[in-house]
Structures are given as structure tokens and as C-alpha cells.
1. Would you mind finding the one in 100, 89, 123, 70 that is out of contact with any Cys (no Cβ under 7 Å at 6 or more places or on another chain), within 30 Å of residue 171 (Cβ to Cβ) and buried (at least 23 other Cβ atoms within 10 Å of the Cβ)?
2. Working only within the range 158-179, note down all residues that are among the hydroxyl-bearing types (Ser, Thr, Tyr), within 17 Å of residue 260 (Cβ to Cβ) and surrounded by 17 or more Cβ atoms within 10 Å (Cβ to Cβ).
3. Any residue at all in the range 43-56 that's modelled with pLDDT under 95 and either among the β-branched types (Val, Ile, Thr) or more than 19 Å from residue 153 (Cα to Cα) (or both)?
4. Looking at the range 62-72, can you tell me whether even one residue there is part of a loop (DSSP other than H, G, I, E, B), more than 24 Å from residue 132 (Cβ to Cβ) and at pLDDT 95 or above?
5. Out of the range 1-31, which residues are loosely packed, with under 14 Cβ neighbours inside 10 Å and either modelled with pLDDT of 95 or more or among the acidic types (Asp, Glu) (or both)?
6. For the range 212-227, which positions are more than 15 Å from the chain's Cα centre (by Cα) and at pLDDT 95 or above?
7. Looking at (1) closer than 17 Å to residue 207 by Cα; (2) under 19 Å from the mean Cα position of the chain (by Cα), can you tell me which one residue 81 breaks?
8. Yes or no: the range 32-43 includes at least one residue that is in a loop (DSSP other than H, G, I, E, B) and crowded, with 21+ Cβ neighbours inside 10 Å.
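The values are calculated or read from the model by the stated rules, or taken from the named source; none is laboratory data. From a predicted model like this one, the values you see are computed outputs, not experimental measurements. Methodologically, a virtual Cβ is constructed for each residue, glycine included, from the backbone with ideal geometry; neighbour enumeration extends over all protein chains shown.
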Amino acid sequence: MKESQNKREVFDFKSLPSFNKEAPSLKQFQARDGASLSYRFYDSQNKDRIIILLHGSSAHGEYLHLLADYLSSKRGVGQVYIPNLRGHYMSGASPGDCSYIGQLEDDLVDLINCFKLDEKEIYLVGHSSGGGLAIRFAGSSYKNLIQGYVLLSPAIPTAPSMRQGTAGGWATVSITRIIVLSILNLMGIKKLNHTHVIRFNRPTEYCDGTETLSYSFNLYSSYHPRLPYHSDIKALKGKFVLFVGAEDEANDPSEYFKVMEASDRDIQIIDGVKHLDIVSNPQMMSDIATWIEEKQKA
């Protein structure tokens, strides 16, 4: 795979301070295949509602600390789980990889089953590729487990909302490998799915050894809506809200209305906000809490 020729800093990583000393320590749960997967848990006075936060590409859940703390403690919306998705920091045996396409959805269900959350109100809140995974989950056979979806600048490959098809230069994608592997999968040949097909343009100064800088075809495919993406998006109807910054570097806010087939009621564009700092924007955090609370009443 060719390395990116553009090493500029795509995202404002300075807006994401480390929360290592503040965030709850990582714990482990066991998935159906026996793998140990890591997560963070935020308790709340409201134990009848569960919010699962899904992190974006190359990262893990620590950067979502402020949002998790606000929803669980400061606002008391519900208990919060932040799984480090398989293939990421402290989750699974193979960094940047999973065993098969769709395993991330199975892992989320294993998290729900492990802690007996299925009888509670569950909301998926996904940022960037985590938002893509939330959309994918909505189109799966597990969709009845989820009460609502909050999408924070969701990554939808091949959709016009994604800038330049690479999230504005964040990703270096091997289109040839993806096409070849897609054809092989249609033929039932999946033994090459562990081949890595995408790399991320994360500046060295913002790497500490916990990031995941490339994904296999299995993980890349599992992290986003199925193609064509329209079917998974239709499954969200009436159950989602989308937030995106007006200055988002990865996704074009104006294109989401067409992609999501949604109105101003379902999509909120926040002035002065970029792709990363949206996860800690006070207006967005308050609006998420209000949407979830009102969703329950509806």
C-alpha cells in the first residue's frame, strides 16, 4: 500500500487532552470467542438507561471521557460504557484486525449480554467511524436492542459527505486491495481478509503507542455501514440525531441532509466546531442529554 504523500495535520489533535489520570481504569469482559475486550464504565444514579459510546478510527475510548462523565454524572442521563473496539488498544490479540466482517456488532451484543443490559434502555453514541458502526448496527439483526442512535460526524465511506473519500486526507486507502478483496468475498473467498487496506495520517507527536494506525479489510468493513450504505441508514428512521461541526475537516455538513435523507430536526450543525472537539462541545453534550431524555418520553 502506498504511503500518504500528504503528511499535514488533518485534525486538531491539540483539542483532545489526555484524560489518563481522570478516566476510569480499563476493565475486561469476555466475548463469545473467548477474547478479552477492554472497556470503561461510568456509573450513574439512573441505572435504567445505558449509553454505549463508540470511538473513532485509530483511537480508543479515553478521549470520550468528558462526554461520558457529563452524561453519567453531571447530567445523570444513565450509565455509560466505552468499549475499546476489537483490534484497538487492549482489545483482542491482533491490532488493526478482527476475525470476520461483522464481529464488532457481535462484540457489542456480547458486552450487552455480559452485563445483562438487554432489559434496559440502550443508546448508541458513535463518533466518526464509531458513528459508522452505529449506523451498521441499526441495519443488523440486533437493531431491536437499541432505543436510539446519536451520530457525531459519522464516517460513511463512498458517501458524498466524506471529504475527498479520505476524510479530508486522514486516511490513505488502498482502493485496489479493497476492490479485489470485495470481489473475492462475493466468491466466498475470505482467507485474505486480514490484509491491511487503510492507514491513518496521525502525526507522530500525537502517538503514544496506544493508537492503531492501520486496519485490515475485516476491521475496515466491520466499522462502517454495509454497501450500499442506504439500507442501513433507512433502518435509523425516527431513531437518530446527528451532530456535526460547521468546520469539520473530515465530513461536509451540508451533504448529510441528502445522505441521511433527514431534515433540520434530525441534523444539527454546530458553529465553530471541528471533527475532534465536537466530542467535548458543551452545546452538543447538553443537546445529546436532552434528546435522550425526550426520546424516552416519546
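1. Residue meeting the stated conditions: 123.
2. Selection gives 161 alone.
3. Among the residues of the range 43-56, not one is modelled with pLDDT under 95 and either among the β-branched types (Val, Ile, Thr) or more than 19 Å from residue 153 (Cα to Cα) (or both), which makes the answer no.
4. no
5. Across the range 1-31, the qualifying residues are 3, 12, 22, 25, 27, 28, 30.
6. The answer is 213, 214, 216, 217, 218.
7. Tallying (1) closer than 17 Å to residue 207 by Cα; (2) under 19 Å from the mean Cα position of the chain (by Cα), residue 81 fails exactly one: (1).
8. No.
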